[in-house]
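These notes are about the structure you will find just below.
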Amino acid sequence: EAQVTQNPRYLITVTGKKLTVTCSQNMNHEYMSWYRQDPGLGLRQIYYSMNVEVTDKGDVPEGYKVSRKEKRNFPLILESPSPNQTSLYFCATKRGPGSDTQYFGPGTRLTVL
Amino acid sequence: AQKVTQAQTEISVVEKEDVTLDCVYETRDTTYYLFWYKQPPSGELVFLIRRNSFDEQNEISGRYSWNFQKSTSSFNFTITASQVVDSAVYFCALSEAWEDSSYKLIFGSGTRLLVRP
């Protein structure tokens, strides 16, 4: 079954404590991306990756890091989380450039105290 | 600049009513793609439809239909005979075709639909 998985699904943490949210896909898609969802703002892209070792900033990259060492995994790293990073995070994948549809993981709800 | 506007923040209807969710977009690209996603209370994002800018035919899928009008830059979504299970947040999104932009979906702010029994 084609899947995008995220872990953890829920996380409560404190300011400054480094954390990683993992994303994994089994569809052999080249493209992966991270979005955050905030009330009244819809979803906004944080970072994306076009393939292994190729990443670029989206619209709201400040405070986040990513890496793409393998095709299937695209972790999101918060080196020093702050309360304004409290949000619902989604990983997305699609086959490649152009018209392909993006498919989303189940979401990770992060609260930073 | 690309932009998607969903002016209706929240809509409440009674079951079996028809309801239309509005979506207006802005783009300078002549080739682009429009999407609708559903986010039920469980939180996941469910893909509903993709439409490319060259195909203005309306689409119907069961109780769902989509009206794409390039002349008004709109891509509206209608649910006929709404049901309680349709209660969700619905997002309209835009993706441009040229390579550097095709990796990003521009989302509207979403419309929360509440269908009351």
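The values are calculated or read from the model by the stated rules, or taken from the named source; none is laboratory data. Being a predicted model, the structure only gives us computed values, none of them experimental. Using ideal geometry, Cβ is built from the backbone for each residue, glycine included, and neighbour counts are taken over all protein chains shown.
Identify all residues within the range B:12-26 that are of a type outside the set (Asp, Glu) and either surrounded by fewer than 18 Cβ atoms within 10 Å (Cβ to Cβ) or in contact with an Asp or Glu (Cβ under 6 Å, 6 or more places away or on another chain) (or both); write none if there are none.
Within the range B:12-26, B:SER12, B:VAL13, B:VAL14, B:LYS16, B:THR20, B:VAL24 meet the criteria.
Just for the range B:20-35: of the residues that are within 11 Å of chain A (Cβ to nearest Cβ) and not in a loop (DSSP other than H, G, I, E, B), which one is nearest to A:TYR89 (Cα to Cα)?
Filtering first and then ranking leaves B:PHE35.
Could you list, ordered by first residue, the pairs with Cβ atoms under 9 Å in which the first is in the range A:37-59 and within 10 Å of another protein chain (Cβ to nearest Cβ) and farther than 24 Å from B:THR5 by Cβ and the second is of a type in the set (Gly, Ala, Ser) and in a loop (DSSP other than H, G, I, E, B), at least 6 apart or interchain?
Cβ pairs passing all conditions: A:SER49/A:SER67; A:MET50/A:GLY96.
Name every residue in the range A:24-36 that is within 14 Å of another protein chain (Cβ to nearest Cβ) and surrounded by 16 or more Cβ atoms within 10 Å (Cβ to Cβ), in order of residue number.
A:HIS29, A:GLU30, A:TYR31, A:MET32, A:SER33, A:TRP34, A:TYR35, A:ARG36
Can you tell me which of B:LYS104, B:LYS38 is part of a strand (DSSP E or B), among the charged types (D, E, K, R) and either surrounded by 20 or more Cβ atoms within 10 Å (Cβ to Cβ) or within 14 Å of chain A (Cβ to nearest Cβ) (or both)?
B:LYS38
Check whether at least one residue in the range B:51-69 is within 12 Å of chain A (Cβ to nearest Cβ), within 14 Å of the chain's Cα centre (by Cα) and modelled with pLDDT under 95, and report yes or no.
Yes.
Among the numbered conditions (1) within 14 Å of another protein chain (Cβ to nearest Cβ); (2) more than 16 Å from the chain's Cα centre (by Cα), tell me where B:GLU17 comes up short.
Here B:GLU17 meets the rest and fails (1).
All but one of (1) surrounded by fewer than 20 Cβ atoms within 10 Å (Cβ to Cβ); (2) more than 14 Å from chain A (Cβ to nearest Cβ); (3) touching a residue at least 40 places away in the same chain (Cβ under 8 Å); (4) more than 21 Å from A:LEU41 (Cβ to Cβ) hold for B:LEU114; state the number of the condition that does not hold.
Single failed check for B:LEU114: (4).
Considering B:PHE68, B:PHE77, B:PHE91, which residue is in a strand (DSSP E or B), in contact with a Lys or Arg (Cβ under 6 Å, 6 or more places away or on another chain) and aromatic (Phe, Trp, Tyr)?
Among B:PHE68, B:PHE77, B:PHE91, only B:PHE68 is in a strand (DSSP E or B), in contact with a Lys or Arg (Cβ under 6 Å, 6 or more places away or on another chain) and aromatic (Phe, Trp, Tyr).
Can you pull out the residues in the range A:78-101 that are more than 26 Å from B:ARG50 (Cα to Cα) and surrounded by 15 or more Cβ atoms within 10 Å (Cβ to Cβ)?
Listed by number, the residues that qualify are A:LEU78, A:PRO81, A:GLN85, A:THR86, A:SER87.
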